[in-house]
Every structure is written in structure tokens, then in C-alpha cells.
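I have placed the structure first, in the form of C-alpha cells, so that the comments after it can refer back to it.
The values are calculated or read from the model by the stated rules, or taken from the named source; none is laboratory data. Bear in mind the structure is a predicted one, so any value in this text is a computation, not a measurement. Note: ideal-geometry Cβ built from the backbone for every residue, glycine included; neighbour counts use all protein chains shown.
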Amino acid sequence: MILESLLAVSGILLVGVLMHKKVNATVALFAGGLLILMVAPVLGHTGTGSYEIAATGNAWLDQFGYVAAILSRTTAGIGMIIMVLFGFSAYMSHIGANQMATTILTRPLLKIKVTYLLVPLVFWVGNLMSLAVPSASALAVLLIATLLPAMVGAGIKPITAAAVIATTATIMPTPLGADNIIAAERLGIALDHYVFGMHALISIPTLIVMGVAHYFWQRYMDRRTAARGGDFGVVDVMAGNASQEQAPSAPSWYAILPVLPLLFVLIPFLLRQFTSIDLSAELIPVTLLSVLIAATAEMIRRRSVRARLEDIMVFFKGMGTGFGVVVALVVAANVLVEGIIQIGVVSALSDAVAHLDSVALVLFLGFAGAMLLLALLTGGVAPFYSLVEIAPKVAEATGVNGALLILPMQFVGNLTRAMSPVAAVVLIVCGAVKVSVGQLIARTCVPMAVGIVMSMVMTWFIVGA
């Protein structure tokens, strides 16, 4: 097992080195996994894969068979859900529905006269907006164009507004999130139960407390920066206005369209919980229904059929983007995990910790700590897609509740992103207000740390061992 452990470490180190060299996370994970898979037969590990394949008579060709099986299974299952949601989001942006939802949600904020009250309110509203715009970077760009100039005009310092915007896409409970979809599938539980029956019980109180933490921390940092004669950043208001002018026009009622899939999943869940009506809704059918409703609305509003039908191609192109951005990442993460499983490292790890005292606490802190470190280094939640494959297997082998390992990883990964100096959302926001990465992270680290601690404590007591 020494050679196997060295091989696993080598594969993981290769991933880390490639990411450090700015290689795409998907390519890095795939390369690390392929290294382990190609060396595994040399160590005598043949026929130990997690998938059923047709043997070719050659151990190395069989390994590519496992890669093909991973690609096929992921694309047909979770991958299809993710691609459909990406297509839906792309279509909503194309018809102006996402932008209208942003406008409707932010309009009341602009009337608030108490300056610092805007800090928690924008944080909470921004998290609500992540239901319609799940990408942290895309949401930041949207808020920079729509809210940043208005916040600065209301008296908020540019760096304060930037810190709030950088932290808006965090842990909002939504069945439309790729991480939630994968977590529920790996735990073998219904998506609506995972999101509304587990995730929301922890994430909603955590978000409330984080908003309050933002209020006090940003006030403190503004006073400290002013006392030291520090830099608050600057905002190009004209650029923000120009970005808004480029957005497609849409009627105000279009704001409901981006959340239709969420409503179609949430309503049956509530009916099952509080009535005798046994109604369920799968995500792909309700998302396709939502696209049909939006397309019909477009045809009626614009009095055009052929051109609006052509617009639906945006949906399919968005599906392709979803494959390239997330599904390929999940496939690559699975390839890495498959290699680690084949050489027996996961089972050895499970056996090693199974008889430890407080094994649940050790695994709980271990997986969360690994996610914290990896998210800081990579600037995103890409490592989650690898760890979420391993956690349920380790949990099952040790008798620990799998949700106790997956929920903290999910929370920590999403919250750590706003503290990472290499996260795309951090770099985008820094550029918008012309401050250094260090200055912005000093503003985001405390609210995010509060969120991490609170979410972990609540997970431990609510989910339990």
C-alpha cells in the first residue's frame, strides 16, 4: 500500500502543480486521474474498477473503458440536469429575464437612506439573485453593472460595495445548483429533501448572521481605513451605466421566469410536507416546461414565431457551455477518484479511521479542512466534485452519516471562494473598483469565516453523526 499511496499523492500533486501553472481545473484533474489509472495495472490493480465494462484483453485499454463509462454515466445522469439548467440560464439572459429579475430585486434597495443598512440588504438580495444567476462571476458582473454605481452614489465606499458583491453567490439553498444536484445524488436522497429539508435549515440562518457580520465588519474597516488614510477604491459610473444600456429590454413580469423551475420543485415539496397531496417534480421536465412558457411569452410579446423559435438555439448552446464548464469538470473529478479507488487508497483510508475514537468528528473536520485548503488554492469549488465522490464511500465504510461530510464541504467551498486570491469573482470585483486583492480579502474574510464556523456548528448539531 506504500506504492499505491505514493501514486495517489503523485496524482494529486500533479493536479496541484498544473492548477498552480494556471492550467484549467478540468484538464488538471483529468491528467492526475489518467496518471493513476495508467500506472495502476503496473502495481497489479486490474479489474478493480467501480464500473462494469467489456474487457478488451489489455489492462491499459480497459482503463480507457472506465473513463468512457464515467463519461457516459455522468453525461446521461447528473450531467444532463446540469446542461439543461445552463441552457435555461442562457435563454433567460438572452430574453432579458435575468436582468429584469435583478432590476426588480434591487430597485427597493436604491430608496434606502440609511447608508450602512444597504450592506446586509445587498448581501441578502444578491444571494437571492444567485437563484437566477448561479455563476459567482456572472452575478458579480451583473451587480457591478446594476448596483455598484448606485451603492457608491448612496454613500457606500467602493471597496465596501465590492466586498458585498464578491460574497453574494455563496450558500443559497436551491435545487438548481450543480453542487446540490451532485450532493443529493451521491447521498442517494431526493434533491428537494436535500435542499429544503437539510441544506436550507443550515444555510438560511447562516446567511442571516453573515449579513449582520458584514454590517459590523464593513463599518469597522471603513473607520480603520479612514483613520489610516487608506484607499477606498474608485468606480467608473459611466461604465456601469453603459453596461445597463446593453441589457435586453423586457417587461417587469419577466422577473418571475428565471425562478419558475425553483417554484415547480418547491411547491410539490411543500404540498407533500403539509398536505396529503403526493406530487413530485423532476428537474429536467420542469425546466423544459419553463423554457416553453418563456418561449411562448416571447412569441406573444414580440408577435413573431419563426425568430423566437430560432432563439431557442440559445438554450441548446447554453447546454454545450454547461458541458464544457461543469459536466467535464465532474467527469475529470470522477476519473481522478476512480484511479484512487482502483488502487485501494479509499478502502485503506476507511479501514484506518473506522476504529478511531470520535471517527465522525475526525472525518467531519478532515474533509472540511481539505476543502478549505483546496478552495483557497484553486479559487473555486472544483475540488468539491472530487471529494464528493470519496466522502460517501468513506462514510459508509465507517458508519458515519454521509451528509455530515458533504454539507460542510459544500458550505466551506462556496464560502472560501470569496477569500481566495485566485478566485475569478475576487479578481473581477477588484478590477471594478481598482483595489488590490489583499485589500478586498481583508473585507471578505471575516463575514466568510463567520459563515464557515456557523455552518459547520449547525451541521454537526442538526445532521448529527
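Listed values, structure above:
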quantity: Subset of segment 404-446 [within 20 Å of Met210 (Cα to Cα) and of a type in the set (S, T, N, Q)]; calculated: Gln410, Asn414, Thr416, Ser420, Gln439, Thr444
quantity: Number of the exception - Tyr220 against (1) at pLDDT 95 or above; (2) at positive phi; calculated: (2)
quantity: Selected residue (criterion: modelled with the lowest pLDDT) from residues of segment 5-46 that are over 18 Å from Val67 (Cβ atoms) and of a type in the set (Ser, Thr, Tyr); calculated: Ser5
quantity: Qualifying residue in segment 407-422 (condition: part of a loop (DSSP other than H, G, I, E, B) and touching a Cys at 6+ places or on another chain (Cβ under 9 Å)); calculated: no
quantity: Residue count, segment 342-374 (criterion: within 19 Å of Ala183 (Cα to Cα) and either assigned to a loop (DSSP other than H, G, I, E, B) or out of contact with any Pro (no Cβ under 9 Å at 6 or more places or on another chain) (or both)); calculated: 6
quantity: Some residue of segment 150-163 being out of contact with any Asp or Glu (no Cβ under 7 Å at 6 or more places or on another chain) and basic (Lys, Arg); calculated: no
quantity: From Ala397, Ala348, Ala352, Ala418, residue being at pLDDT 90 or above and of a type in the set (A, V, I, L, M); calculated: Ala418
quantity: Subset of segment 54-75 (residues that are among the hydrophobic types (A, V, I, L, M, F, W, C) and at pLDDT below 90); calculated: Ala54, Ala55
quantity: Residue within segment 228-245 that is modelled with pLDDT of 90 or more and assigned to a helix (DSSP H, G or I) present; calculated: no
quantity: Criterion: hydrophobic (A, V, I, L, M, F, W, C), surrounded by fewer than 24 Cβ atoms within 10 Å (Cβ to Cβ), closer than 20 Å to Ile256 by Cα and without any contact (Cβ under 8 Å) to a residue 60 or more places away in the chain - qualifying residue of Leu109, Leu61; calculated: Leu109
quantity: Failed item in (1) closer than 16 Å to Tyr91 by Cα; (2) not in a helix (DSSP H, G or I), with Asp278 passing the rest; calculated: (1)
quantity: Residue in segment 55-65 that is outside any loop (DSSP other than H, G, I, E, B), over 26 Å from Gly380 (Cα atoms) and out of contact with any helix residue (DSSP H, G or I) (no Cβ under 9 Å at 6 or more places or on another chain) present; calculated: yes
quantity: Subset of segment 305-315 [exposed (fewer than 14 other Cβ atoms within 10 Å of the Cβ) and in a helix (DSSP H, G or I)]; calculated: Arg306, Ala307, Leu309, Glu310, Met313
quantity: Residue match in segment 375-386 (condition: in a helix (DSSP H, G or I) and surrounded by fewer than 20 Cβ atoms within 10 Å (Cβ to Cβ)); calculated: yes
quantity: Positions within segment 421-447 being in contact (Cβ under 8 Å) with a residue 40 or more places away in the chain and surrounded by fewer than 23 Cβ atoms within 10 Å (Cβ to Cβ), in sequence order; calculated: Pro421, Val422, Ala424, Ile428, Cys430, Lys434, Val435, Gln439, Ala442, Val446
quantity: Every residue from segment 421-458 that is closer than 26 Å to Ile390 by Cβ and either at pLDDT 90 or above or in contact with a Gly (Cβ under 6 Å, 6 or more places away or on another chain) (or both); calculated: Val422, Ala423, Met448, Ala449, Gly451, Ile452, Val453, Met454, Ser455, Met456, Val457, Met458
quantity: When residues of segment 249-304 are limited to those that are surrounded by fewer than 17 Cβ atoms within 10 Å (Cβ to Cβ) and in contact with a Leu (Cβ under 6 Å, 6 or more places away or on another chain), the one modelled with the highest pLDDT; calculated: Leu271
quantity: Number of the condition not met by Ile406 [criteria: (1) crowded, with 23+ Cβ neighbours inside 10 Å; (2) among the aliphatic types (A, V, I, L, M); (3) within 19 Å of Phe123 (Cβ to Cβ)]; calculated: (3)
quantity: Some residue of segment 328-337 being within 27 Å of the chain's Cα centre (by Cα), assigned to a helix (DSSP H, G or I), free of Cβ contacts under 8 Å to residues at least 60 places away in the same chain and under 30 Å from Ala69 (Cα atoms); calculated: no
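Residue-by-condition table, conditions (1) closer than 25 Å to Phe323 by Cβ; (2) modelled with pLDDT of 95 or more; (3) crowded, with 16+ Cβ neighbours inside 10 Å; (4) in contact with a Lys or Arg (Cβ under 8 Å, 6 or more places away or on another chain):
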residue: Met172; (1), (2), (3), (4): yes, no, yes, no
residue: Pro175; (1), (2), (3), (4): yes, no, yes, no
residue: Asp179; (1), (2), (3), (4): yes, no, yes, no
residue: Gly197; (1), (2), (3), (4): no, no, no, no
residue: Ser203; (1), (2), (3), (4): no, yes, yes, no
residue: Thr206; (1), (2), (3), (4): no, yes, yes, no
residue: Gly211; (1), (2), (3), (4): no, yes, yes, no
